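One structure is given here, and the rest of the page talks about it.
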Amino acid sequence: MKTHREIAQQLDLFHSEPQGPGMLFWHPNGWRLFQNIQQHMRKIYQQHGFQEVRTPQFLKKELWQTSGHLAMYEEDMFFGGDQEGMQNYALKPMSCPAHILLFKRGVHSYRELPIKLFEFGLVHRNEPSGALNGCLRLRQFTQDDAHVFCAWSQIQAEIIHFLNRAKLVYSQYGYHQLLVRISTRPESSLGDKVLWQKAEQILIDVCQEQSIDFEIQVGEGAFYGPKIELALKDNMSREWQCGTIQLDFNLPERFDIAYTNASGEKERPVILHQVIYGSIERWIGMLLEVTQGALPEWIHPLPVAIATVSESAIDYANALVCSLNAADFPVLADHSNSSVSHKIRRFHQLKIPNILIVGEQEMKTEQVALRRGKTVSNVGKDLLIERLMACRNI
């Protein structure tokens, strides 16, 4: 069984360099895969009422002082300075304080709640060099980072929405066994113990009302609130930690954010921090190991390859490439003098699901020989894109 790094090399997806430990160099195939996965999540969020934002990566220490990260998370952060050399800035390890600043710019009524923001946040965490592992453990990675600002009365409904979104996404990748854990207050934490208990009980109540089996992880919550953690089990019974939703009543207090309630009074919102993939890079590493490179066709970075039988078919093949590219199908075309069987072996090595073989016979009949696995069928060029679209649907 190959590791995700070996598969990444086989499929020409990404690599790392000593000059950037814990960071990835994405190749064209890998970056297309990344973007396909990202775009899928973007659609999911937008369909569920989230608005996409973008926030800075390099922010002043005072922000992280207010959020509590300097006190609780400093050893895992990267710091830098201005032209005077003062180490007054930090690379963001997460996006929540920046999203709070976005919320704070407006004057909000209870009628607007819940307010839902999301960002593909590029974050940096100072992981020990010995812990780095391909794209499963990085110092620079991208979170599908979302925050819901809501009233206490809306928390349960929003958690249920999150769990349903997560189940939907995971099922689209073929995962149907979900492990749920509730993580409670750690020893080093912010805020009132009574509110912690109230928040923890809400998470427990939601899972019980939804008939979700769960485990309690004592002391494993975030420093600003308890959380539900979602893990997936693959066909080798390995567990993969992915999604989380954290109930945060502390950062609204520390940043002094509020909305106007139905009585016209100021009231603190609650923030629900949530991710479904967690890290897109880690999700890709997990996906490569679980599928051994046979990626789902709907996110495949190179879904189609063309093998020409003879030089006379090259122009016909190139016209097919243009049509496929226009329909958003990346194509690898091999017009070399190698045998067709050699070309097919190469395409199989790259785990390309659709192989088109074109020669003089296909030119005359305006068809292609479409090979999917061990099945070969003749398809008219006018119907080719329709056939491929059907295969690409989730």
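The values are calculated or read from the model by the stated rules, or taken from the named source; none is laboratory data. These figures come from a predicted structure and were not determined experimentally. Cβ coordinates were reconstructed from backbone atoms using ideal geometry, including for glycine residues, and neighbour counts include every protein chain displayed. Surface areas here come from the heavy atoms of the whole protein model, side chains and all, with no ligands, DNA or RNA. Shrake-Rupley method; radii C 1.70, N 1.55, O 1.52, S 1.80 Å.
Every residue in the stretch 85-103 that is open to solvent by 50 Å² or more (accessible area, probe 1.4 Å) and either in a helix (DSSP H, G or I) or basic (Lys, Arg) (or both), please. Residues satisfying the conditions are Leu101, Leu102. Taking first residues from the stretch 91-112 that are within 10 Å of Ile257 (Cα to Cα) and partners that are small (Gly, Ala, Ser) and surrounded by 20 or more Cβ atoms within 10 Å (Cβ to Cβ), the Cβ contacts under 9 Å between residues at least 6 apart in sequence or on separate chains come to Ile100/Ser67. Screening Ser67, Ser129, Ser109 for residues that are of a type in the set (S, T, N, Q), open to solvent by less than 60 Å² (accessible area, probe 1.4 Å), on the phi < 0 side of the Ramachandran plot and out of contact with any helix residue (DSSP H, G or I) (no Cβ under 7 Å at 6 or more places or on another chain) leaves exactly one candidate, Ser109.
Note on the stretch 250-289: residues that are among the hydroxyl-bearing types (Ser, Thr, Tyr) and within 30 Å of the chain's Cα centre (by Cα) amount to 2.
Within this structure, Asn250 fails the test of being within 30 Å of Gln292 (Cβ to Cβ), at pLDDT below 95 and not small (Gly, Ala, Ser). May I ask you to list the residues in the stretch 343-360 that are more than 31 Å from the chain's Cα centre (by Cα), surrounded by 13 or more Cβ atoms within 10 Å (Cβ to Cβ) and not in a strand (DSSP E or B)? Result: Lys343, Ile344, Gly359. Here the stretch 377-394 is the region considered, the condition is being modelled with pLDDT under 90 and surrounded by fewer than 12 Cβ atoms within 10 Å (Cβ to Cβ), and the residue that is farthest from Ser323 (Cα to Cα) is Ile394.
Taking the criterion of being open to solvent by 10 Å² or more (accessible area, probe 1.4 Å) and within 18 Å of Thr184 (Cα to Cα), the residues of the stretch 243-269 that qualify are Thr244, Gln246, Phe249, Asn250. If I filter the stretch 317-342 down to residues being among the small types (Gly, Ala, Ser), open to solvent by 40 Å² or more (accessible area, probe 1.4 Å) and part of a helix (DSSP H, G or I), which single residue comes out as farthest from Leu383 (Cα to Cα)? The extreme case among them is Ser341.
Provide a single number: the residues in the stretch 161-185 that are of a type outside the set (Phe, Trp, Tyr), in contact (Cβ under 8 Å) with a residue 12 or more places away in the chain and surrounded by 15 or more Cβ atoms within 10 Å (Cβ to Cβ). Matching residues across the stretch 161-185 total 13. Considered as a group, the residues in the stretch 186-201 that are in contact (Cβ under 8 Å) with a residue 60 or more places away in the chain and open to solvent by 40 Å² or more (accessible area, probe 1.4 Å) include one that is farthest from Tyr277 (Cα to Cα), and that residue is Gly191.
When Ile314, Ile276 are screened for being in contact with a strand residue (DSSP E or B) (Cβ under 6 Å, 6 or more places away or on another chain), surrounded by fewer than 24 Cβ atoms within 10 Å (Cβ to Cβ) and without any contact (Cβ under 8 Å) to a residue 24 or more places away in the chain, only Ile314 passes.
Do the conditions hold for Gly106, that is, is it part of a loop (DSSP other than H, G, I, E, B), farther than 19 Å from Val275 by Cα and small (Gly, Ala, Ser)?
So Gly106 fits the description; yes.
Scanning the stretch 156-191 for residues being among the aromatic types (Phe, Trp, Tyr) and either part of a loop (DSSP other than H, G, I, E, B) or in contact with a Gly (Cβ under 6 Å, 6 or more places away or on another chain) (or both) gives a total of 2. Of the set (1) under 29 Å from Leu24 (Cβ atoms); (2) without any contact (Cβ under 8 Å) to a residue 60 or more places away in the chain, all apply to Phe50 but (2). Close Cβ contacts (under 7 Å, 6 or more residues apart or on different chains) running from residues in the stretch 17-39 that are without any contact (Cβ under 8 Å) to a residue 12 or more places away in the chain to residues that are open to solvent by less than 60 Å² (accessible area, probe 1.4 Å) and not in a loop (DSSP other than H, G, I, E, B) comprise Phe25/Phe14. In the stretch 362-376, which residue that is loosely packed, with under 13 Cβ neighbours inside 10 Å and either at pLDDT 95 or above or farther than 24 Å from Gly293 by Cβ (or both) is nearest to the chain's Cα centre (by Cα)? Across the stretch 362-376, the extreme among qualifying residues is Glu366.
The residue that is farthest from Met286 (Cα to Cα), among those in the stretch 1-44 that are of a type in the set (A, V, I, L, M) and open to solvent by less than 20 Å² (accessible area, probe 1.4 Å), is Ile44.
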